[in-house]
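What follows is one structure encoded as structure tokens, with my remarks underneath.
What follows draws every value from the coordinates through simple rules; no lab data is involved. Everything numeric in this text was worked out from a predicted model, so none of it was measured. Counting neighbours? That spans all protein chains shown, and the Cβs are built from the backbone with ideal geometry, glycine included.
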Amino acid sequence: MVDTSIETRKFIVQVRQRGQVTLPQKVRAALNIDEGDLLMVVQIGDALLLSSKQLKGPELTDQFTDLMQEQGLSLADLLQDLPRIREELYRERVDPSAP
């Protein structure tokens, strides 16, 4: 079994005038983000990924899209099992004794 555990913390932030958000101090400290640093924002469907590292997102997205087209798969095909997979991961991480 592959260890898929990743530390996850949730924070609520408010979008302010001109689309600005303030990253919580704990996040900035943990990721060593300082004033003036550049962050990358990647939109994935209706979700946002904010990274302090340069991602190869655009390049990987193009490669992934090409692979999907070669295999005749749509995003809906890939996401079909997502609820079941999320439930399995939740049970592994939060409640391993659940059936």
So what are the three principal axis dimensions of the chain from its Cα atoms, in whole Å, longest to shortest? 42, 40, 26
Counting Lys and Arg as +1 and Asp and Glu as -1, each charge on the Cβ, what is the dipole of the stretch 17-93 about the Cα centre in debye, to the nearest 20? 460
List the trypsin sites (Lys or Arg not before Pro) within the stretch 5-40 that DSSP assigns to loop and that have no more than 11 neighbouring Cβ atoms inside 10 Å. ARG9, LYS10, ARG16
